[in-house]
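S.K.: Encoded as structure tokens, here's the structure I'll be asking about.
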Amino acid sequence: MNNKLWQSLANSWKIPELRKKLLFTAAMIAVYRFGAHVPVPGVNIKALEAFFNSGAAGVVGFLNLFSGGALSRVTVFALGIMPYITASIIMQLLTVVIPRLEELQKEGEQGQKVITQYSRYLTVGLAAVQSIGYIFLFRSQGALPGLTLVKGALILFTFTAGATAVMWIGELITARGIGNGMSILIFVSIISRIPGGVREFLSGSMSLASQIGFIVIALAVIVAVVWITSGERRIPVQYAKRIVGRRMMGGTSTFIPLKVNMAGVIPVIFAASVMLIPTTIATYLPGGQNGWFARTFGPSTVFYIIGEALLIILFTYFYTAVTFNPVDQADNLKKYGGFVPGVRPGRPTAEFLDRILTRLTLPGALFLAAVAVLPWILYRFLHVPFNFGGTTILIVVGVSLDTMRQMEAQLLMRHYEGFLK
């Protein structure tokens with residue numbers, strides 16, 4: 001297995017196009033991590049370190065995890081990719097309720113470019129609003145001594161420009177690199193915090209038996225995530241024979257792969273982003289981190305976990321419906337002479353695919369929600385001193401699998417053996 005893996009990696013490096021994509025992705029990640037260590041001038045970092053290390057950071061501490069620690073260091077990329085993710089969520093939801101946006105979405109690539117441009121504008125606006133909130137928060141913690149209008153404007157523009165640059169880096173990775181840029185940047189931010197989390201875990205008060213038990217559970221969860229993410233149901237498709245000119249076409253058999261988790265890791269990212277919006281706003285209200293709303297609905301609370309689990313299920317169905325349209329699939333099959341054995345072409349085929357997809361998505365959505373809740377249960381009842389929740393596990397594993405699939409597709413196109421066989 002190890003020899004096969006290393007051979008596949010060596011094959012991927014032999015392909016010039018794939019090698020360029022890998023190097024470009026690595027270069028963009030290096031730029032992102034460099035910006036996550038360039039501090040904003042005029043900030044007392046030691047005062048903020050005391051705030052984040054005290055455990056009172058709440059939702060801001062959770063956002064710090066998604067920024068790879070850039071927020072606690074108050075760097076140029078302190079906001080990370082979260083403003084862009086939030087803007088993308090808002091635009092996808094608006095396409096359902098605003099007819100004009102729905103028309104743009106149906107126009108294909110050209111309409112999608114317009115929606116993407118709207119998302120960029122919204123990202124800049126959200127980054128500016130979030131920057132103002134952080135300025136007030138840092139000031140209340142004594143991290144901005146002698147704050148003036150000019151100094152505040154400098155920090156505001158730096159944070160906003162940094163968020164815009166991160167958005168640009170993510171789009172470049174998607175267009176010219178390997179994987180989804182948004183997911184890759186979150187993945188890099190999370191794994192950059194793993195060494196500190198492992199140190200905290202090993203230096204905790206858990207016994208050796210409890211640590212081994214936790215490691216076994218963590219490995220079992222990772223295996224289950226890989227199994228569910230890779231699981232699919234194959235719907236057989238038969239193409240009728242037809243004569244084109246003097247040649248006989250068709251008569252072949254294939255299948256439609258319907259994945260158990262067709263939406264991938266996107267619902268998890270979306271759910272975490274939506275749940276952070278009200279709790280982030282609450283931190284800027286009177287009472288801040290210690291206010292009633294923040295204490296009741298902040299991360300690691302019962303209501304937050306329940307809300308995140310429900311949103312994961314909702315977004316799984318929503319994103320699956322966006323990525324796979326049974327009506328379009330049935331029309332395409334009918335157009336090219338394909339049919340599902342035992343099912344009439346056209347509308348009956350669409351209803352059949354929709355029924356199968358709905359039943360198939362439910363266990364996948366419930367599994368994602370369960371994995372998001374499980375680490376909270378371990379922390380709440382077993383007091384595991386580990387600051388990586390189920391959301392981060394799903395993101396890390398899901399992004400890894402998606403990236404490997406894209407690399408495998410590149411290898412298989414050039415007759416090399418892939419990673420996932």
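S.K.: Can you give the accessible area per residue of region 176-235, in Å², using a 1.4 Å probe?
M.R.: With all protein chains present, region 176-235 gives 53 Å² per residue.
S.K.: Let me ask you something else. Averaged per residue, what accessible surface does region 68-127 expose to a 1.4 Å probe, in Å²?
M.R.: 46
S.K.: Give me D for region 122-180 in µm² s⁻¹, whole number, from Stokes-Einstein with Rh from the Kirkwood sum over alpha-carbon pairs, 37 °C and 0.692 mPa s.
M.R.: 258
S.K.: Mean separation of Cα pairs under 8 Å and 6+ residues apart, divided by the residue count of region 99-219: what relative contact order is that in percent?
M.R.: For region 99-219, the relative contact order is 15 percent.
S.K.: Residues with amide H under 5 Å of PHE255's amide H, sequence separation 5 or more or different chain, H placed in the peptide plane at 1.01 Å from N; which?
M.R.: VAL237
S.K.: Less than 14 Å Cβ to Cβ from ASP328, Lys/Arg counted +1 and Asp/Glu -1: what total charge do the surrounding residues give?
M.R.: That sum, taken over residues with Cβ under 14 Å, equals +1.
S.K.: Quick one: compute the contact order of region 27-173, relative version, from alpha carbon pairs under 8 angstrom and 6+ residues apart, as a percent.
M.R.: Worked out over region 27-173, it gives 31 percent.
S.K.: Please list, in chain and number order, the residues 5+ apart from GLU232 or on another chain whose amide H is under 5 Å from its amide H, with Hs placed from the backbone.
M.R.: Placed amide hydrogens put VAL260 under 5 Å from GLU232.
S.K.: Rounded to whole Å and ordered largest first, report the semi-axes of the equivalent ellipsoid of region 103-236 derived from its Cα gyration tensor (root of 5λ).
M.R.: Gyration-tensor ellipsoid for region 103-236: 36, 32, 11 Å.
S.K.: Moving on to the next point. How many Å³ per residue does the convex hull of the Cα positions in region 62-174 occupy?
M.R.: Hull volume over Cα atoms, normalised by residue count, gives 112 Å³.
S.K.: Taking the Cβ of THR349 as the center, what net charge do the other residues with Cβ under 13 Å away carry, scoring Lys and Arg +1 and Asp and Glu -1?
M.R.: Residues close to THR349 contribute a combined charge of +1.
S.K.: Moving on. Could you tell me how far the Cα centroid of region 8-46 sits from the Cα centroid of region 148-194, in Å?
M.R.: When both Cα centres are located, 12 Å separates them.
S.K.: Taking the simple approach of a point 7 Å from Cα along Cα-to-Cβ for both VAL216 and THR301, what is their distance in nm?
M.R.: Modelled inter-label distance: 3.6 nm.
The values are calculated or read from the model by the stated rules, or taken from the named source; none is laboratory data. All of these numbers come straight from a predicted model, not from anything done at the bench. Note that we place each Cβ from the backbone using ideal geometry, even for glycine, and neighbour counts take in every protein chain shown. Just the protein is used for accessible areas: all its heavy atoms, side chains included, with ligands, DNA and RNA removed. Shrake-Rupley method; radii C 1.70, N 1.55, O 1.52, S 1.80 Å.
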